[in-house]
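Just so it is clear, none of the values below were taken in a lab; they were calculated from the coordinates. As the structure is a prediction and not an experimental result, all values here were calculated from the model. Because the Cβ atoms are built from the backbone with ideal geometry, glycine has one as well, and the counts that use them run over all protein chains shown.
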Amino acid sequence: MTTTAVIVQARVGSSRLPRKVMMTLAGKTVLAHVLGRCQAIDGVDVVCCATTDAADDDPVAAEAQRLGAFVFRGSQRDVLDRYDRAATALGADIVVRITSDCPLVDPAVVAAVVCLRAEDGADYAANTMPPTWPHGLDCEVFTRDALAGAARWARDAHAREHVTPWLRTHPDIRRANLTGPGGAVAEHRWTLDYPEDMRFLEALFAHLPPDPALSGMEDILAVLEDHPGLAAINSMRRLKGRRRDGSHMA
């Protein structure tokens, strides 16, 4: 039987917005929103929070454990190694990579990327090549063998920190991309890196249902259409934190 694992990388040491994953949003931590949405992805067998082995990240590990996620702790800087070791500990055949600064990650979009990888027989699939979805719905799916290859062969610090550059560029890796709506929709910024992002999310969540985990992309777009001033709160941060190739810099 194939085991599909979501691995969410999380730490408190963000230079732009320290402790952002432990900030409270609509009565829950940002990490709780992310893990809860990941647990709702169809076809996923286990959700893992991969944090660091630093004492500063003890609260992250404790929160993830409280929320029922598998907790793995590893290298602070070599995030690729952290993913590789977490996948081994989970016995994962397929890995879904989500970053913990995306409290609006859409389970349906992630499930579609998981299905696309399987249907195409790809080693790696994403929805960011190029970016055609709101920034904050980014996800990547890859096989355990592809991850092991990256962990073995990726050498430079950038590739080790950002996990997937080797998978996105190596000529022997078969890739697939889930194309989104593009246009103005792709310009939306729903991730958390700056204080303006938190103000946007707080304002947005005030208009979402009592259980915001039930809100998908179309629901959020409908709120923003009804309240056009919300998107202006963090509009000055658009394109920040997203590389030109669409990969996320968490």
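Loop-resident trypsin sites (Lys or Arg not before Pro) (DSSP state other than H, G, I, E or B) in region 132-232 with no more than 15 further Cβ atoms inside 10 Å of their Cβ: Arg155, Arg174.
For Gln9, the residues whose amide H sits under 5 Å from its own are Ala50, Ile98, Ser100, ignoring neighbours fewer than 5 places away on the same chain, with H placed 1.01 Å from N.
Kirkwood hydrodynamic radius of the chain, from the reciprocal of the average inverse Cα-Cα distance over all distinct pairs: 17.9 Å. Other residues within the sphere of radius under 12 Å centred on the Cβ of Cys49, judged by their own Cβ, net out at +2 (K and R +1, D and E -1). Label zone of Glu161 (point 7 Å out along Cα→Cβ, amide N under 13 Å): in region 77-96 this covers 77-80. Mean separation of Cα pairs under 8 Å and 6 or more residues apart, divided by the residue count, gives the chain a relative contact order of 20 percent.
In region 4-237, the DSSP beta bridges split such that about 35 percent are antiparallel, to the nearest 5. The helix-only estimate of mean residue ellipticity at 222 nm for the chain, built from DSSP H runs of length n ≥ 4 each weighted as -39500 (n - 2.57), is -10000 deg cm²/dmol after division by the residue total. Peptides 56-65, 179-188, 201-210 ranked from most to least packed by the mean count of surrounding Cβ atoms within 10 Å: 56-65, 201-210, 179-188. Counting other Cβ atoms within 10 Å of each Cβ, which trypsin sites (Lys or Arg not before Pro) in region 74-110 have at most 13 and sit in a DSSP loop? When the trypsin sites (Lys or Arg not before Pro) of region 74-110 are filtered for loop state and at most 13 Cβ neighbours within 10 Å, Arg77 remain.
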